[in-house]
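**Student:** Handing you a structure now.
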Amino acid sequence: MKRAPAILLFVLVAGCGSDAPAPPAPPPPADFTTDEAPPADSVVFLRGRPRPARGDGAQEGDRDPDGDGVEAERVTVDVVARGVGPSVHGAAFRLRWEPEKLGFVEARAGEAWSSRALTLAREGIPGELVVTWTEKGTGDGFDATGETLLGALTFTRKSRDGAAIAFRADRSTLRDPSGRALTVAWRGGRVPAR
Amino acid sequence: MLQEIAVRASIWLSSLAFALAPPATASPVALAPPPAPGDDDVLSSHLLHRLVERERSPLHVRAGLLGSHVPPAAIPRPPFVRGTGSALDCEHATHDITLDPTTGATNATVELRVKAARAPLGSISFALDAGLEPGTITATDRDASIAQAVFAPTRIVRVDLTPALEAGEETVITMPYSGTLSCASAEGGAVVCSKGADFSYFAHQSIFPYVFDTDAPNSFVFDGLTRDIVLRVPAEHDVVATGQKVAETIEGSTRVSRWAIDRPLSRVVGLYAFAGRLGLLPVGGRRVPTTLVFPAPKKAIDQSLVAWSTPALDFVEAVGGSRLPFDRGLSLVRLPQTIGDPGTATFGMTLLSDSYARTGDLMYEETWAHENAHLFWGIVAPETDSNESRLMSEGMATLTELDYTFGRHFASEDRDLYLARRLLPMGLDLRARGKDLPPVQLLPGTEVPDDFRTRRYTLWAYYRTAITLDHLRVTVGEELFARALGLYVARCSFVGCRPDVLREIASAESDKDLGPFFERWVTGKERPRVLVGFTPADGGADVVLTKDDDRPMTLELWLTLADGARMKRHVDLGPRTTRVHLDAPAAVAHVAASPRHDVLVDVRSRVDGDLDFDGETDGFDVLRCARLVGRRYDGSSSTGLWNLGETFDPRCDVNDDLTIDDDDLAAIAAEFGKLRAR
């Protein structure tokens, strides 16, 4: 059900009959669905990236490193801010998931951050990730009025079960250059079962 | 002229072997330090260097002049170093002064009843304007021989008594003196008098001789002196003097006014007279007639001072726990900047230079509150020896000004955070420049640093004292502290008390021995480290507090609940590790100490890098410091009291070098991700 928009897009694109060359094949659907949540003007949410197709950079060995027959697919989610305002100077958040279902691989800060920015990520305890991306010193920060990629997080599946990835809103914040907290909603999501 | 004076001084010094110390410490009641130099060149030179230095010199004799002629070994050390006090006990003085304020022509007599306290007293000295010369000085029941010298603009008259007064004996010394006031400038440009028809100013050491122990010129031991003053000036002059106005009559062409200081006061507390066409404005809303005195014509700031006076006086009375005992009247004086006197408080009189208007209304008003607070803290409740400590004079006046400004201008803020914010730069100044300062209360044998008589005095007398008092207030609780102050005033009024009295009262009221507190922070200067850890538990939190010694200590802990609510709990720390369960109605998210402890207690989380005391090191800790990278605290001016918006965060300064930089952030980042197990 939640894949409907992507499938619909595929149908519409394929249905555009013309003499033009055929467009490239669309990426496979993302292995992630963002939580439904009440609409919020300012939000930080997780958004799944399209799953790489076989042969599209994925190594065979990557899919079952444990040899237990369960494909250890990587799941990458973008951390996206929208409607936050003209000046984001720092972000700190925590995410929780069931560690027997997902493993944390890495966090990468988005290009919105300057080259001087401090980027820290650590799975402090199994299933709880602590992330900070922040500019240092004084500075205007960057504009996140529109949709802005703060960074990306990569996990591996450890099981066929679905797994939720949830923000800990009480320990998550965006700050402006003065240190003032920016009011945002935090919306995680779910890696679906296979 | 300078050379001549120097020669005279040299001769006199060598012939009498009479060595005066350079000014050692402040008079008992001094002004709060001025705002940051650099912001204002005039303030920088006028206030910081000239006025404060002068204010600190009850004996206005040039240090440089004396220093060039007195071998260092001959300079007496302050009495607290020598371990002995002055034998001089001044009991009563009667001043009869005929003065032409316009020309400075003066014809006066002082009768001084003195007693030898605890030890023989063979000599006393007077300091007065160099233009006034003594006549024949007499002493009852003994011979009085005199010697004198001029240290422009001051004349020093030494009176040797033969035989010396034995301990407990007394005599009355009568000194007539006359001449024309020079009102010359002292080193740095300050004056002790200013002649004129419009607004003339006559301070201690001009028409009022300043009395001191020849053998202990810098002794400020409280002696309890009362005075009667008769001032005769041309009838066309208004006149206001220190003391309670007893009477004023016109006798022919002369206005005769009589003033009384009818409660025991330290002999070193300032005496003032003002004459001329004085600006006078009544201060409404006070039970006792209260008048603002200023140089006419009236300025806008005079109306502001009037408006500030009633709330300021009401506030200081509320803090002191009683009414000011000046039943006949109170004079509040705006001093013009030109006379170079920063201000002070004395018996029934508060004075403040309008130089402080440059600091802006808020700080001018606050300083006005500080000065008026001294009516209690230093005048009504004097210290036994203001060389020993300024805890209950400058410390209380400074604490009062912070509290006053909160009530008047920041009452909508969180009071704890306001106070912590005000104390922060004062503490940073202490860290920057005052680490090796002596403790709040000097003990016999304490070695005073050579450069003590500089801005470091401000750190010691104002900052450390006020910070310590607030720390005590948080420790014992607001209500108990307020009650203790009222009891202190009641016990110490016109008597003189040592800091120990506050300890005794607070201990009795709290039923807790505050000796360890005073050992740590009053006679000692510790900043003990306390580690705070906690585990959320049903109905509250299990808290662990660790320190490195066995002495007791009390901290006010703040429990921040998940919904942001704050609960305060006082916790007594025992030896080393203290474990306590603290009840709370909801999940506890943070356990920290009140930030008002921070300057004097190094409170840290047990988890390195956890700056917000939630027991974990996460992005909130990093974000707190990241934006401050590049910030440096410049404590060179020691003007933290004037700093209302300091944003330097010492918790981000991990290596304690007063700079927040990449190294500090790296140290915090190294601990990043330490989380409590679920």
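The values are calculated or read from the model by the stated rules, or taken from the named source; none is laboratory data. Since the model is a prediction, treat every value here as computed from it, not as a measurement. Reconstructed Cβ throughout: ideal geometry from the backbone, glycine too, with neighbour counts over all protein chains shown. Ligands, DNA and RNA are excluded from the accessible area calculation, which covers all protein heavy atoms including side chains. Shrake-Rupley method; radii C 1.70, N 1.55, O 1.52, S 1.80 Å.
Residue-by-condition table, conditions (1) more than 19 Å from B:SER206 (Cβ to Cβ); (2) among the hydrophobic types (A, V, I, L, M, F, W, C); (3) out of contact with any Pro (no Cβ under 7 Å at 6 or more places or on another chain):
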{"position": "B:VAL233", "(1), (2), (3)": "no, yes, no"}
{"position": "B:GLY252", "(1), (2), (3)": "yes, no, yes"}
{"position": "B:ARG277", "(1), (2), (3)": "yes, no, yes"}
{"position": "B:ALA296", "(1), (2), (3)": "yes, yes, yes"}
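Rundown of residues vs (1) of a type in the set (Asp, Glu); (2) surrounded by fewer than 22 Cβ atoms within 10 Å (Cβ to Cβ); (3) modelled with pLDDT of 95 or more, yes/no style:
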| residue | (1), (2), (3) |
| --- | --- |
| B:LEU231 | no, no, yes |
| B:ALA247 | no, yes, yes |
| B:ARG255 | no, yes, yes |
| B:SER266 | no, no, no |
| B:ARG277 | no, yes, no |
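**Student:** Of the numbered conditions (1) buried (at least 20 other Cβ atoms within 10 Å of the Cβ); (2) facing chain A (nearest Cβ under 9 Å); (3) within 26 Å of B:TYR418 (Cβ to Cβ), B:ASP610 fails exactly one; give the number of that condition.
**Tutor:** The single condition B:ASP610 does not satisfy is (2).
**Student:** If you don't mind, another one. Please tell me if B:GLY188 is open to solvent by 20 Å² or more (accessible area, probe 1.4 Å) and at pLDDT below 90. Steps first, please.
**Tutor:** Numbers: open to solvent by 20 Å² or more (accessible area, probe 1.4 Å): yes; at pLDDT below 90: yes.
Judged against the criteria, B:GLY188 is a match.
**Student:** Next question, about the same structure. Among the residues of region A:52-110, count how many are open to solvent by less than 20 Å² (accessible area, probe 1.4 Å), within 14 Å of chain B (Cβ to nearest Cβ) and either at pLDDT below 95 or closer than 30 Å to A:GLY137 by Cα (or both).
**Tutor:** Here the count works out to 9.
**Student:** So B:ARG408 passes all but one of these: (1) modelled with pLDDT of 95 or more; (2) under 12 Å from the mean Cα position of the chain (by Cα); (3) charged (D, E, K, R). Which condition number does it fail?
**Tutor:** The one condition B:ARG408 does not meet is (2).
**Student:** Which of the residues that make up region B:470-496 are under 25 Å from B:LEU424 (Cα atoms) and touching a strand residue (DSSP E or B) at 6+ places or on another chain (Cβ under 8 Å)?
**Tutor:** B:VAL474, B:THR475, B:VAL476, B:GLY477
**Student:** Which ones in region B:622-658 are open to solvent by less than 40 Å² (accessible area, probe 1.4 Å) and either within 12 Å of another protein chain (Cβ to nearest Cβ) or in contact with a Cys (Cβ under 6 Å, 6 or more places away or on another chain) (or both)?
**Tutor:** B:VAL622, B:LEU623, B:CYS625, B:ALA626, B:LEU628, B:VAL629, B:ASP649, B:CYS652
**Student:** Continuing with the same structure: For region B:659-667, state whether one or more residues are in contact (Cβ under 8 Å) with a residue 40 or more places away in the chain, over 39 Å from the mean Cα position of the chain (by Cα) and surrounded by fewer than 21 Cβ atoms within 10 Å (Cβ to Cβ).
**Tutor:** Checked against the condition, which is being in contact (Cβ under 8 Å) with a residue 40 or more places away in the chain, over 39 Å from the mean Cα position of the chain (by Cα) and surrounded by fewer than 21 Cβ atoms within 10 Å (Cβ to Cβ), region B:659-667 yields at least one hit.
Residues checked against (1) open to solvent by 50 Å² or more (accessible area, probe 1.4 Å); (2) of a type outside the set (A, V, I, L, M, F, W, C); (3) farther than 23 Å from B:GLY224 by Cβ; (4) assigned by TED's automatic domain parsing to the domain that holds B:PRO176:
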position: B:GLY104; (1), (2), (3), (4): no, yes, yes, yes
position: B:ARG118; (1), (2), (3), (4): yes, yes, no, yes
position: B:VAL150; (1), (2), (3), (4): no, no, yes, yes
position: B:ARG158; (1), (2), (3), (4): no, yes, yes, yes
position: B:ALA164; (1), (2), (3), (4): no, no, no, yes
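**Student:** Are there any strands (runs of 3 or more DSSP E) wholly within region A:80-121 with 1 or more residues that are within 14 Å of the chain's Cα centre (by Cα) and within 21 Å of A:ALA169 (Cα to Cα), and if so which? It would help to see each step written out before you state the result.
**Tutor:** Numbers: elements: A:85-88, A:90-96, A:102-109.
Because the criterion is at least 1 residues that are within 14 Å of the chain's Cα centre (by Cα) and within 21 Å of A:ALA169 (Cα to Cα), the strands (runs of 3 or more DSSP E) in region A:80-121 that meet it are A:90-96, A:102-109.
**Student:** Across region B:349-362, what is the number of residues that are crowded, with 22+ Cβ neighbours inside 10 Å and touching a Pro at 6+ places or on another chain (Cβ under 9 Å)?
**Tutor:** Qualifying residue count, region B:349-362: 5.
**Student:** Related question: Suppose we keep only residues that are in a strand (DSSP E or B) and open to solvent by 30 Å² or more (accessible area, probe 1.4 Å) within region A:122-142. Which one would you say is farthest from the other protein chains (Cβ to nearest Cβ)?
**Tutor:** Let us first name the residues in region A:122-142 that are in a strand (DSSP E or B), namely A:122-125, A:128-134, A:142.
Keeping just the survivors that are open to solvent by 30 Å² or more (accessible area, probe 1.4 Å) gives A:122-123.
Numbers: A:ARG122: 3, A:GLU123: 7 Å.
Ranking the candidates gives A:GLU123 first.
**Student:** Right, something else. Being within 12 Å of chain B (Cβ to nearest Cβ), over 19 Å from A:ASP31 (Cα atoms) and modelled with pLDDT under 95 narrows it down to one of A:ASP176, A:ASP170, so name that one. Write out each step before concluding.
**Tutor:** Working: A:ASP176 fails: modelled with pLDDT under 95.
Just a single option satisfies the conditions, and that option is A:ASP170.
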